[in-house]
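The values are calculated or read from the model by the stated rules, or taken from the named source; none is laboratory data. The structure presented is a predicted model; accordingly, all values stated were derived computationally and were not measured. All Cβ positions, even for glycine, are placed from backbone atoms using ideal geometry, and neighbour counts span all protein chains on display. With ligands, DNA and RNA removed, areas are computed over all heavy atoms of the protein, side chains included. Shrake-Rupley method; radii C 1.70, N 1.55, O 1.52, S 1.80 Å.
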Amino acid sequence: MANLMCICFVLLSIIVAVSGDACEGDRQDMIRECGQYQKWPAEPKLDPSNACCAVWQKANIPCLCAGVTKEKEKMLCMDKVAYVANFCKKPFSPGYKCGSHTFPSLAQ
């Protein structure tokens, strides 16, 4: 029984480590390809590159948003983040929360 619990613990640790690494990979890709389009100041909003949109399309957005802290929000312009998401055809749903920011509907 102890061996089974040990095996389960090891498997769970591997799953957590792999999922954390995947999110970190997405985060690094997002910084590299999209960072320039999502930083302050709020204007001008620039159309992101194809490489940035490719990152947006494959990224685990819930995982990335879970890692957005107040400190990161000082560097990220969430209006520009929304612009990039919309441009890349993977918009946030109205009311979606990313860090402390809640995205309004597109009509607003």
(request) Would you check which residues across the stretch 33-52 are over 12 Å from the mean Cα position of the chain (by Cα) and either of a type in the set (Gly, Ala, Ser) or in a loop (DSSP other than H, G, I, E, B) (or both) and list them? (result) Trp40, Pro41, Ala42, Glu43, Pro44, Lys45, Leu46, Asp47, Pro48, Ser49, Ala51
(message) Of everything in the stretch 86-105, what is exposed (fewer than 12 other Cβ atoms within 10 Å of the Cβ) and within 21 Å of Cys52 (Cα to Cα)? Give them in sequence order.
(response) Lys89, Ser93
(message) Quick check on my filter: what residues within the stretch 53-108 are part of a helix (DSSP H, G or I) and over 21 Å from Glu33 (Cβ atoms)?
(response) Lys70, Glu71
(message) Tell me the residue from Ile31, Ile61 that is β-branched (Val, Ile, Thr) and open to solvent by 60 Å² or more (accessible area, probe 1.4 Å), please.
(response) Ile31
